[in-house]
Amino acid sequence: MRASAAAPLAVSATAKPARPNIYSKLGIKPIINGVGTVTVLGGSIMPPEVVQAMVDASHYFVPLPELNKKAGARIAELIGVPAAMITCGAASAITVGTSACLARGDAKIMARLPDTSGSRGEVIQQKKHRCGYEQQMLAAGARIVWVETAEEAERAINDRTAMMFFLNKYEPDGLIKRDEWIAIGKKHSVPTFNDAAADIPPVSNLGAYVKQGFDLVAFSGGKGLLGPQASGLLLGREDLIEAARPCMSPFGGIGRGMKVGKEEVMGLLAAVERYMKVDHEAEMRELERRVSEMIATLSKVKGITPRRHLPVIANVVPHLEITWDEGSSKPTSADVVKRLMDGDPPIHIQSRGAGALLVSVWMMRGNEHRIVARRLAEIFG
């Protein structure tokens, strides 16, 4: 039986929490999140069963290596992949995954990372996939080798090549697509890594990229999964997952600072268990309803065009897009964003350049989408 979408999720039509606002002690106002599952705004709101799992976990002591291994095995079983481990966010998964590919289980190499002298130390990446997450690989001691074409990628491979990194959401921008990237890696026995941090829903993506042939895949735990913000998943080949485990806390070395507590481990496990059985179609219908309501309200405002927008990759849920001519008497997109942030309650949305805004209804609760639509109508009116 599929779990109801109406119960624990931020997309449900439930009211705001009745408990006092803990942040008021610090003089911080909670916001209406019209951006989505972004780290800078706290990721997501954890469902009750995730919170309860973390509370329950806090009452006991357990050996963390055993916990990590058994929780990872359970997650791998749920998703249908060879192996899994819980990391300290998707960025942590990049670092420990890179470390695993650099050391390949050699304890001496792992112990001296980020020093890769005399061993594998290069990661191949497409120039169009430059994203800022390269620092997570550089921290492990890797050197990035930039390529543009499949021919350049093949020429770049040598005995120093440790891994080939692919940023999933940038696939449309690069010349080398997923299948070809995987094929090149297989041909030369070089592990391929796919950073798919924000690429669920759909739920099928959790296992799809490993099944497609990527050796390692990273997901955020605190985005679409609605797990703890300081958690992530590294999925893929069993030998590489085993090589990645000692690269992270509670062990020493390169990932010692990437601590995942027993509470986060059990919270993310609960989040995955919930996600695999929730009614995603009902969730999508709720999001579609919110966007439709906002379009109906804003269609009455002259000079702007509200429409539904569905991203192709990453955060594939219905959004509201608003466009207009900034040369008219309307405010600029920067002005709209500022006025919303300065309001009460503060509202955060995305500017998409001149005369363009993007509003995510995914993490809104109750009637927050109506509040946002009203405020936008007032600003543009």
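The values are calculated or read from the model by the stated rules, or taken from the named source; none is laboratory data. Please read these numbers as outputs of a predicted model, since none were measured by experiment. Positions of Cβ are generated from backbone atoms using ideal geometry, with glycine treated the same way; all protein chains shown enter the neighbour counts.
Filtering Val62, Val11, Val35, Val81 for residues that are in a loop (DSSP other than H, G, I, E, B), modelled with pLDDT of 95 or more, among the aliphatic types (A, V, I, L, M) and not assigned by TED's automatic domain parsing to the domain that holds Leu206 leaves a single hit, Val35. Taking region 262-381 and the helices (runs of 4 or more DSSP H) fully enclosed by it, the elements with 2 or more residues that are more than 27 Å from the chain's Cα centre (by Cα) are at 280-298, 333-342, 368-380. Here Ala230, Ala244, Ala218 are screened, and the one residue that is in a loop (DSSP other than H, G, I, E, B), in the same structural domain as Pro63 (by TED's automatic domain parsing) and within 25 Å of Pro63 (Cα to Cα) is Ala230.
Checked against the criterion of being within 22 Å of Ala230 (Cα to Cα), touching a helix residue (DSSP H, G or I) at 6+ places or on another chain (Cβ under 9 Å) and aliphatic (A, V, I, L, M), the candidates Val272, Val301 yield just one match: Val272.
Within region 89-146, the set of residues being among the basic types (Lys, Arg), surrounded by fewer than 16 Cβ atoms within 10 Å (Cβ to Cβ) and farther than 20 Å from Arg245 by Cα comprises Lys127, Arg130, Arg143. Would you call Ser329 of a type in the set (Ser, Thr, Tyr), under 21 Å from Thr37 (Cβ atoms) and not assigned by TED's automatic domain parsing to the domain that holds Glu171? When the stated conditions are applied, Ser329 does not pass them. Could you tell me whether Asp173 is surrounded by fewer than 16 Cβ atoms within 10 Å (Cβ to Cβ) and not in a loop (DSSP other than H, G, I, E, B)? Here the answer is no, as Asp173 does not meet what is asked. Just one of the listed residues (Arg339, Arg256, Arg352) is out of contact with any Gly (no Cβ under 6 Å at 6 or more places or on another chain), without any contact (Cβ under 8 Å) to a residue 40 or more places away in the chain and either farther than 30 Å from Asn68 by Cα or surrounded by 22 or more Cβ atoms within 10 Å (Cβ to Cβ) (or both), and it is Arg352.
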